[in-house]
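Structure first, commentary second.
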Amino acid sequence: MTQQRRPLPSMRSFRFLLALFALLPVCSLPIRAASFTNPRVALVISKTSYRLDWETIQTSSHGWAGVSNLAGLPYDSLFLEDLASTGALEKFTVLIFAQCTSADEATYNQLIPLLTNYLARGGAVVLDGPLAIFDEHGKERNHKALDDVLGLQYAGFQGDTSFRIQVLSNRHYVTRPFEATQYLTPVLGDGLHILKFRDGGDLLLVSTDGTKTYPYLSCRSEQNKRVVLISDMGTKAGPATFFRNDKPQSFYANQLWTALIRAMHWAAYGDLSVPFPTPQVSNANLTAVVRLDGDNSGDLQFQLNTMRFLIGVAQDTGVVPLYTWVSSFATKAGWDKLAPLGHQLEDLGAELATHSKFHEIDRKMTESRWHEELDGSVQEIEENMKAQGYPIHKIHSMINPGDTIPMEDYDQVAKRFSFYMTHGLEQSVPIGYGNLTWFTGANRDFVVLENAPHPDYQWFYDPEWSYTTGQITDYEEAIFDHMFRNIGRGVIFNEMWHDYSISSMPVNSSHNKSNRITNISNLPFYQAMKAKFGTLPIYCPEPTELAQKLRAMAQWNYSWSATPDSVELNLDLSTLRLEETAQNVGGMGIHIENTQDYIQSATIDGQPYFAYSDRTIILPDLSRKQHKLVVRMGPSLSPATRLVYISKHLRSVSGTPDDLEFTIETKARARFALEARNPAVLLHADSQQWNFRGDHQLEGYVVSDRQVKLKKLRTPGFGITLCTTPIANVVETRNAVEVTLQGSSGSESLLTFQSSRPPRSIDLGGGQHLDTKKQGMTYSVTLPAVESASKLSIFF
């Protein structure tokens, strides 16, 4: 039987099909490959706007630096007034205008041709709030010419505390993870300055009270230029906040951050259908460091309580503090008592620094007062630590006392310190940090880190706040979990803690005008946060290391190319200004964005590399040059034995899945996990367990610098599932497994193993017989304290 042929379509049918395809939007055709060279963001603020409303500009600018870090896009800090003289806007993929509502006439006139040419070359603009609609006196100008360049119009200040941000459409890259009509934020703290396109574009998020609705986030792509309009992010309306002390008080898992991150990715790259790389400050979902404000440095007992508690936090979890004293107060408390515990903190990776000399930094500072408060405090701390026999490094970090220091005074801080922790503005924009160089002059490596919400002072002592310790704990745990689970991307949790609060200082009744709740003990709050630190897979950097990682995020360059199943990244560290920055990138992550597939394999500079989780490469330290990373993707989890998580500085990774070795730099507890489908042990780990949750994870920790080596076990049906003392080696024969124990600190330890063959006997040191406990095919052995290496023999 012959197959009947169908007749060929007529020319008329061809013309119809061609016309039909011509009507289809270009974005509906999947892009099978994409590439990008040196993405870079310009974070732009206006000096004029800053002069008129410094708090809003400081809040917005810090917040957009936080978003840039979470988006993994390198960035520079620029002033609106300097854009024309910069002469190099073509190097910026995206210009973010952070509440640049006001500009002088000369700047306004320069912006029109500047943005016209920038967009014509294919640039992208993200607008947070109105752009230059007011002059230098705060008077509204005729801004139609600039509005025309961006194709926008203003709908005025709209809304109130009954409005929320809601998803209008999820048929766009920015809002694809959300459900249509989903609310992203709690109710706002105020109205918003509404921006919208005159025509075209995609309205994705709206501000609504259920009756009235206004545009919130809109995107428009025309030819090769892209514009994102946001009706205020960094203002006191607080659309990005997690918790607001307004009745009824409640925590809200605010998802606006995800939308803002994706808006930056869309502005930079468009609507991609291939995966692309995004660097992270750490390989974990969350990065934690403690900031300790020593406001009561003069109270010796408070200092002893606080330092002892933070020593325990470091020992048990690996999270270490930037511990700062008010130096003149500490001198009264007595350096002979403070110095030994301060030295112990330093031995665990903490950093000792200044909280000023007299805790009196304000808006009326003079040059002599800056010198006294900052230089005087550094000298007092360094000299007294040295006099007690505990010399410390040169102090290069500071936590500001009292009110927030305005950015216009950052030059006073930056010329003395390279790492600075600030506070006070986090309620409106709760994530803000980065290598920020507005107002710092020549000090281009200055790193700023805002505190995470909310300071313990507000929770326990602010007369306008009133909560029980239990409520406080619940709220802060919810904030922590939201940052860890929903924001992720290595987001930094840096909560402000005080010495007096950890010591549960009573509330001063003379200041308690609102009759706030008085808590007898604050300590359960800190113990709960310590438990979070110790039980979730977070990253725990030393303060100096964290500063270097934030410099890398801003300063390096990278280029990438991708197909649906592969990503190539050229990471250029030669642009880092400091050699030590490259020496501290170990433990950072390269996340593979925009894919449901999993990493199958990776190479660095052509060599197979075995430190990656489902979608994140864990970087080792790298040299100050260009490095090429190649990642292969696939639909199923990789079965390869590999390092999938580490909580401390990863120096290097070498070897193959059969003899994988990695080097950790740490002074406190460092945790790690490996994917190990088959039984294996970790040589030189202080403790380890395998397949505890049935997930084939080989987990362990060390408490000092270490080279940890994986050794696969070959005996059929045998696997060590727990060992709480270091293992130096394992030798397997036909009828025995010999485990060399390194020796412990003088306490008993435990070893458990699974075996399909029951052991005939277990001996320690060649003669001491040990009893076992049996449950199914699992055997447990209590090991006596051994001070030197000894051999445990399991005979079958």
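The values are calculated or read from the model by the stated rules, or taken from the named source; none is laboratory data. Treat the numbers as computed from the prediction; the structure is a model and nothing was measured. Quick reminder, even Gly has a Cβ in these numbers, built from the backbone with ideal geometry, and neighbours come from all protein chains shown. Heads up: the accessible areas ignore ligands, DNA and RNA and are worked out on the full protein's heavy atoms, side chains in. Shrake-Rupley method; radii C 1.70, N 1.55, O 1.52, S 1.80 Å.
Overview of results
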{"quantity": "Fraction of antiparallel bridges per DSSP, the chain only, in percent to nearest 5", "calculated": "75"}
{"quantity": "The stretch 141-221: translational diffusion in µm²/s, Stokes-Einstein, Kirkwood Rh over Cα pairs, 37 °C, 0.692 mPa s", "calculated": "246"}
{"quantity": "For the stretch 48-152: rounded, prolate or oblate by the Cα gyration tensor [a/c cutoff 1.5]", "calculated": "oblate"}
{"quantity": "Volume per residue of the C-alpha convex hull in the stretch 351-394, rounded to whole Å³", "calculated": "68"}
{"quantity": "Cα gyration tensor category, rounded, prolate or oblate, for the stretch 237-338 with a/c compared to 1.5", "calculated": "prolate"}
{"quantity": "Value of Rg to Rh for the stretch 638-683 (Rh from inverse mean 1/r over Cα pairs, i.e. Kirkwood)", "calculated": "0.96"}
{"quantity": "For peptides 301-311, 113-123, sequence by mean Cβ density within 10 Å, most packed first", "calculated": "301-311, 113-123"}
{"quantity": "Residues of the stretch 721-796: accessible area per residue with a 1.4 Å probe, Å²", "calculated": "53"}
{"quantity": "Shape box of the chain [Cα atoms, principal axes, largest first, Å]", "calculated": "103, 93, 49"}
{"quantity": "Percent RCO, i.e. relative contact order, over the chain, from Cα pairs under 8 Å lying at least 6 residues apart", "calculated": "10"}
{"quantity": "At 0.692 mPa s and 37 °C, Stokes D of the stretch 385-469 from Kirkwood alpha-carbon radius, µm² per second", "calculated": "223"}
{"quantity": "Angstrom value of the Kirkwood radius, inverse mean 1/r, which spans all Cα pairs in the stretch 736-777", "calculated": "12.2"}
{"quantity": "Loop trypsin sites (Lys or Arg not before Pro), the stretch 624-721 (other Cβ atoms within 10 Å of the site Cβ: 10 or fewer; DSSP)", "calculated": "R693"}
{"quantity": "Local net charge near D499, Cβ-Cβ under 11 Å (Lys/Arg +1, Asp/Glu -1)", "calculated": "-4"}
{"quantity": "Value of relative contact order over the stretch 494-587, rounded to a whole percent, pairs C-alpha under 8 Å and six or more apart", "calculated": "20"}
{"quantity": "Global size of the stretch 659-796 as Cα Rg and Dmax, reported in angstrom", "calculated": "14.2, 41"}
{"quantity": "Projected area averaged over orientations for the stretch 489-550, convex hull of C-alpha atoms, nm²", "calculated": "6.3"}
{"quantity": "Diffusion coefficient, µm² s⁻¹, Stokes-Einstein with Kirkwood Rh over alpha-carbon pairs of the stretch 535-687 at 37 °C and 0.692 mPa s", "calculated": "204"}
{"quantity": "Å² of accessible area per residue within the stretch 42-187, as computed with a 1.4 Å probe and no ligands counted", "calculated": "36"}
{"quantity": "Local electrostatic count at R363 - Lys and Arg +1, Asp and Glu -1, tallied over other residues with Cβ under 11 Å", "calculated": "-3"}
{"quantity": "Taking the stretch 293-387 and dividing mean pair separation by its residue count, relative contact order in percent (alpha carbons under 8 Å, at least six apart)", "calculated": "31"}
{"quantity": "Point-charge dipole on Cβ atoms (K/R +1, D/E -1) for the chain, about Cα centre, debye to 20", "calculated": "3160"}
{"quantity": "Accessible surface of the chain [probe 1.4 Å, protein heavy atoms]: carbon and sulfur percent", "calculated": "49"}
{"quantity": "For the stretch 340-443, accessible area per residue (1.4 Å probe, heavy atoms of protein chains only), Å²", "calculated": "37"}
{"quantity": "MRE, 222 nm, helices only [DSSP H, n ≥ 4, -39500 (n - 2.57), over the chain, to nearest 500]", "calculated": "-7000 deg cm²/dmol"}
{"quantity": "Euclidean distance between Cα centres, the stretch 667-698 to the stretch 179-258, Å", "calculated": "44"}
{"quantity": "Exposed GluC sites (Glu not before Pro) absent: longest stretch of the chain, with sites in DSSP loops and at most 16 other Cβ within 10 Å deemed exposed", "calculated": "465-747"}
